[in-house]
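Undergrad: This structure is in C-alpha cells; I'll ask about it shortly.
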Amino acid sequence: MATLPPRRNPTPTKISKQHLTPLQILLQMGFPKHRAEKALAATGNRGVQLASDWLLAHVNDPLLDDTSPREYILYACPLGEFLEQLQNFWEKSLEICGWNGAHNFTPHITLVSFFKAPDADAPHLSMSLKSVMERQGAILNEPLKLETYASPNFMGFFVAEDHADYLKRIAMQYVKEVSNAIISDTYEQFDALTACFPWCTTTTARCIPRGSRSISLEPHVKSLHLTLAYQFPNTQYSQLKALVDTLDPTLSSGWELRLYSRDPRVNGKQVHKVVHPYTHAECDELELRTGDYVYLSAEAVANSPDGWVEGTSWLTGCTGLLPVSYTERTAESDAWTLHRKVSLNNPSENSANTIGGRSASQKESQKHHPPLKQSLSESYQVKSSSDMQTFKSLDKNISNGDAVDAALPKSNSPELNITSSPIEPENLETAEQTESEAIENKDVECFKDEVQILDISTRRRLFVMRHGERVDFTFGTWIPYCFDEEGRYIRKDLNMPVVLPERKTGPTAYKKDSPLTQIGLYQARLVGEALRDSDSNIHHVYCSPSFRCVQTCAEVLRGLGREDIKMKIEPGLFEWLVWYPEGLPEWLTPNELINFGYNIDVEYKPFVPMEELAERRETCESFYTRSSFVTKKVLETHSLGDVFFVGHAATLDVCTRELIGGKPRSSNEMSKLLPKVPYCSVTVVENKGENWEHVEPPLPPIMHSNNQRFDWKLWHQ
C-alpha cells in the first residue's frame, strides 16, 4: 500500500473552502484553469459569480481558449471639482469641434503605458499597486501642480517637475513590486514593462533583478501630462484654446491611481456603444443588446457602402456583421476593466481602496464615460432568440461554439436528523367489532381502492428531483487520498461511501462521475419515506446516467417501499453539456449497475441515446429543448400514472419549463437559479386539463447545518 505524506488534515473538507481563492473555487467547480484565470482577469477579479457569468456569456467566443495576455495600463485620474470641469470641457469640445483623440480616454495622466501580462498575474498586478501606496510617505499631501500648454497640434496640462518626479517614483516602485511578485528569474515579461518607462533609465537598471542587465532602455523622451485635445484640425485651434482657457488647474486637489486592462482585440479599433437592440436575421450577423460595446475598424466604418460593418461584442466575444446606425462611438476606456483604484492624495476624502466596482468618485466620471446601465452580472445574459422547437429539428442547428466547463455550485445542505415515523393505520377489525362495523370498514376499503383507480386515471403528476449530497463537493479532491496504488478504495471518513463499484478505467472515472456521501444516501431515503407517508404513488421512474443520480433514485424507491420498480437510464436527463467540454463522463453501463445490485430496466431504449448526446454541442436554449423533448416523450409514452425523474439541479427547471408554458431562460438566469436548488430538492407539476402547472410537493424540504471535520489531535495543540 502506498504511503501518503503526512498532512495536518488528511481529507480536504468544506471548512477549508471558506478560505479558498476565487480561482480555487472555480477550479473545484470544474472550470479549466486557463478559462478561470481568463474570466477573473476580464472581470477585475471581483468574484466567482461575475467570472462564471463571463464564462457563460463567452461560450461561443472563438478566443475563449486563446492564451494571448490582456494589456494593462496605470493611470492617475482626477476627482472632484476639477474632474467636473474636464467633463464639461470634453462635452463642449465634442459638440463644437467634433471627435478628437482625447475623447477616446477618460481624463488621466499615464504613469505606465500598455504592457502585457498573463491572466494568472492579474491579482499580483492589483496587489502590487496597493502595496506601493501603503508605504510610508507614498500619499501626496498637496494638490498636483499642473501647467497649461496649448499648441496647434496638442493641448493639455503638464505636471510640474517636482510632482512629476514624485509620480515617476511611484510608477518605478510599482514596476519593482510587479517584478518581485511575478517575474522572478524569467524576464520576458520585464521587457514589456521596462519599455513603458522611457523616463527612468538609471532607476530601472537598479530595480531589475539579477541576470537581466541586457534589457535596453529608452532615454527620457516626454513629460507626464494630462491631454485635453490632439489630432484636431488647425482650424479648430482658436475654439479649443478658448475652452482650455476656462479651466482652472489649481482645483485639481483629488487624484487616484487606477489600474485598467483591456481585451487585446480593442487595440487599434473604435469602440461603439449599442443604442438600439438588434436580433440577427442571418448566421453571419451579430446580435446587439442595448448597453453592450462593439469593436469596429475605423476604416470599415468610413468605407462601408451600406452601413453594415463587422464588429466584435464586448459582452460575448462573438464577431459578426452589424448596422453601424444602431451604435454610437464612445471612449475606448469605457470597454476596459478596472482592477483597482487607490487614493493618491487627500486621504481624508478618498481613503478607501477599491478592488473593482465603482466608488462615489468614479460615479462622477460616469458623466463622460457612462458604464453599462445594468450590472456586469446582469449584462452577462445570453439571450435566446428563437422559440422552443422539437429536439430533432433543433439538433441540426446547434451552435458549434466551444463550451464552458462548469459544475453546479455547492449546496449548503447535509442532513437534518429528524425522521418521521410511518403512520400505521389502526386495525379496525378487532374482536369487539360488530358486524355492521365490519361491513362499514369493508366499504371504506373499497372506497379507497376506487379513489386510487380514479387518481391514476384523472390526475397525472411529474416529480423532478435533484440528487443527494455528492462526495466531491463535500470533500474536495478526494480520489488521491482514498485509493491506493492498486486502485483499492479506502474509506477516510464516515460520510464517505462504504464501498464503491470498480470502474474499467480506474478510480479517475469518479472525477467526473462522483458518488453520493452517506448523508446523500440518507437524504434520498428520507424523500422516499416522505412520499410513502403522503400516499404518493410513483409508477414510472427515469434517471440520469450519473452514478449519484442512480444512487439517489435507488434510495428514494427504497424509502418508498417500491424497490420493484425498474429504473430507466435516460442520457437525455444529463446536465448541460457546456459544463463538459472535454467529453462526457464514463458512466457505469446498465449491466454494470445490475451487477452492483441496482434494479435497472435493460430493455429500455433511451429517447436520447448516449452516442447522440456525445456528439452534441448545445447552447443554453438547446439544453432546455433537449430536456423538454425527453419530458414530452416520456409523458406521451405513459398516459396514466405519476412519473418520477432524478437528475441534477437544472433538471427541475429545464424539464418543466416548457411544460408549464415558459420560455427557456438565459444562461445567466439559469446560473442564478441553480444555487437555490439544494440537494434532494423536489418539484412537482400536475396536469390540469390541457395545461400543466407547478403544485406544492406532497413532502416538506430537507434543511440542515454543516458539520466540520473533527481532528482528534486538537487536544495535543
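Undergrad: Among (1) free of Cβ contacts under 8 Å to residues at least 60 places away in the same chain; (2) crowded, with 16+ Cβ neighbours inside 10 Å; (3) over 18 Å from the mean Cα position of the chain (by Cα), which single condition is Q87 missing?
TA: Condition not satisfied by Q87: (1).
Undergrad: Looking at segment 611-633, is at least one residue under 23 Å from R470 (Cβ atoms), among the polar types (S, T, N, Q) and assigned by TED's automatic domain parsing to the domain that holds S671?
TA: yes
Undergrad: Let me ask something else about it. Could you go through segment 124-139 and let me know if any residue there is of a type in the set (A, V, I, L, M), crowded, with 17+ Cβ neighbours inside 10 Å, outside the structural domain of T21 (by TED's automatic domain parsing) and under 18 Å from L243 (Cα atoms).
TA: Looking through segment 124-139, none of the residues is of a type in the set (A, V, I, L, M), crowded, with 17+ Cβ neighbours inside 10 Å, outside the structural domain of T21 (by TED's automatic domain parsing) and under 18 Å from L243 (Cα atoms).
Undergrad: Here is a follow-up. Limited to segment 570-590, what total is found for residues that are assigned to a helix (DSSP H, G or I) and modelled with pLDDT of 90 or more?
TA: Count: 5.
Undergrad: If I ask for residues that are farther than 19 Å from Y510 by Cβ and either free of Cβ contacts under 8 Å to residues at least 40 places away in the same chain or in a helix (DSSP H, G or I) (or both), which ones from segment 608-625 would you list?
TA: Within segment 608-625, P609, E611, E612, L613, A614, E615, C620, E621, S622, F623, Y624, T625 qualify.
Undergrad: Would you say E81 is acidic (D, E), assigned by TED's automatic domain parsing to the domain that holds F158, over 37 Å from the mean Cα position of the chain (by Cα) and under 25 Å from N345 (Cβ atoms)?
TA: yes
Undergrad: Now, a different point. Give V294, V271 a once-over and let me know the one that is part of a strand (DSSP E or B), in contact (Cβ under 8 Å) with a residue 24 or more places away in the chain, of a type outside the set (D, E, K, R) and farther than 30 Å from H124 by Cβ.
TA: After applying the criteria, what remains is V294.
Undergrad: Do we find that T651 is touching a strand residue (DSSP E or B) at 6+ places or on another chain (Cβ under 7 Å) and either among the acidic types (D, E) or within 20 Å of M567 (Cβ to Cβ) (or both) in this structure?
TA: Judged against the criteria, T651 is a match.
Undergrad: Right, another one. For L315, are the conditions met, namely being free of Cβ contacts under 8 Å to residues at least 40 places away in the same chain and either within 23 Å of N60 (Cα to Cα) or touching a helix residue (DSSP H, G or I) at 6+ places or on another chain (Cβ under 9 Å) (or both)?
TA: no
Undergrad: Could I ask something else about it? List every residue pair whose Cβ atoms sit under 7 Å apart, with the two residues 6 or more apart in sequence or on different chains, where the first one lies in segment 532-546 and is farther than 19 Å from G647 by Cα and the second, anywhere, is small (G, A, S).
TA: Short answer, once both residue conditions are applied: R532/G559; R532/G561; D533/S420.
Undergrad: Take the conditions modelled with pLDDT under 90, under 30 Å from M29 (Cα atoms) and not hydroxyl-bearing (S, T, Y) and apply them to E486. Does it pass?
TA: For E486, the condition - modelled with pLDDT under 90, under 30 Å from M29 (Cα atoms) and not hydroxyl-bearing (S, T, Y) - is met.
Undergrad: Of the residues D245, D292, D284, which single one is in the same structural domain as N141 (by TED's automatic domain parsing), on the phi < 0 side of the Ramachandran plot and not polar (S, T, N, Q)?
TA: Of the residues listed, the single one that is in the same structural domain as N141 (by TED's automatic domain parsing), on the phi < 0 side of the Ramachandran plot and not polar (S, T, N, Q) is D245.
Undergrad: Within the set of pairs 6 or more residues apart or between chains, which connect a residue that is closer than 7 Å to F463 by Cα inside segment 674-685 to a residue that is in a helix (DSSP H, G or I) and not charged (D, E, K, R) with Cβ atoms less than 6 Å apart?
TA: Final answer for the pair search is T683/L652.
Undergrad: For segment 591-607, what are the residues that are within 36 Å of the chain's Cα centre (by Cα), of a type outside the set (D, E, K, R) and part of a helix (DSSP H, G or I)?
TA: Result: L593, single match.
Undergrad: Taking the stated definitions as given, is D493 under 33 Å from the mean Cα position of the chain (by Cα) and either within 30 Å of E612 (Cα to Cα) or in contact (Cβ under 8 Å) with a residue 40 or more places away in the chain (or both)?
TA: The answer is yes for D493.
Undergrad: How many residues does segment 516-548 contain that are of a type in the set (S, T, Y), closer than 16 Å to L593 by Cβ and touching a helix residue (DSSP H, G or I) at 6+ places or on another chain (Cβ under 8 Å)?
TA: Result for segment 516-548: 2.
Undergrad: On to the next question. Please work out which residue is nearest to the chain's Cα centre (by Cα), limiting yourself to segment 236-267 and to residues that are surrounded by fewer than 18 Cβ atoms within 10 Å (Cβ to Cβ) and polar (S, T, N, Q).
TA: Per the stated criteria, the residue is N267.
Undergrad: Taking only pairs six or more apart or across chains, which ones have beta-carbon atoms under 6 Å, a first residue in segment 242-267 that is in a helix (DSSP H, G or I), and a second residue that is of a type in the set (F, W, Y) and exposed (fewer than 15 other Cβ atoms within 10 Å of the Cβ)?
TA: Partner pairs satisfying both residue conditions: none exist.
Undergrad: Spot the failing condition for T474; the list is (1) under 29 Å from the mean Cα position of the chain (by Cα); (2) in a loop (DSSP other than H, G, I, E, B); (3) modelled with pLDDT of 70 or more, and only one is missed.
TA: Result: T474 passes all but (2).
Undergrad: Next question, about the same structure. Looking at V59, V112, which one is within 27 Å of V244 (Cβ to Cβ), buried (at least 17 other Cβ atoms within 10 Å of the Cβ), aliphatic (A, V, I, L, M) and in contact (Cβ under 8 Å) with a residue 40 or more places away in the chain?
TA: V112
Undergrad: For segment 306-334, which positions are assigned to a loop (DSSP other than H, G, I, E, B) and β-branched (V, I, T)?
TA: T316
Undergrad: Now for a different question. Given the conditions (1) of a type in the set (F, W, Y); (2) crowded, with 20+ Cβ neighbours inside 10 Å; (3) under 30 Å from Y295 (Cα atoms), and given that Y174 satisfies all but one, which numbered condition is not satisfied?
TA: (3)
Undergrad: Now, a different point. Test Y522 against the criterion of being hydroxyl-bearing (S, T, Y) and outside the structural domain of E686 (by TED's automatic domain parsing), and give yes or no.
TA: Criteria not met by Y522.
Undergrad: Is at least one residue of segment 669-677 of a type in the set (D, E), closer than 29 Å to I538 by Cα and either touching a helix residue (DSSP H, G or I) at 6+ places or on another chain (Cβ under 6 Å) or in a helix (DSSP H, G or I) (or both)?
TA: no
Undergrad: Taking segment 103-154 on its own, how many of its residues are assigned to a strand (DSSP E or B) and either in contact with a Cys (Cβ under 6 Å, 6 or more places away or on another chain) or charged (D, E, K, R) (or both)?
TA: Summing the residues that are assigned to a strand (DSSP E or B) and either in contact with a Cys (Cβ under 6 Å, 6 or more places away or on another chain) or charged (D, E, K, R) (or both) in segment 103-154 gives 5.
Undergrad: May I pose another question? Among the residues of segment 697-713, is there at least one that is surrounded by 13 or more Cβ atoms within 10 Å (Cβ to Cβ), at pLDDT below 90 and within 26 Å of the chain's Cα centre (by Cα)?
TA: No, because not a single residue in segment 697-713 is surrounded by 13 or more Cβ atoms within 10 Å (Cβ to Cβ), at pLDDT below 90 and within 26 Å of the chain's Cα centre (by Cα).
The values are calculated or read from the model by the stated rules, or taken from the named source; none is laboratory data. This is a predicted model, so every value here is computed, not measured. Neighbour counts run over all protein chains shown; Cβ positions are idealised from the backbone, glycine included.
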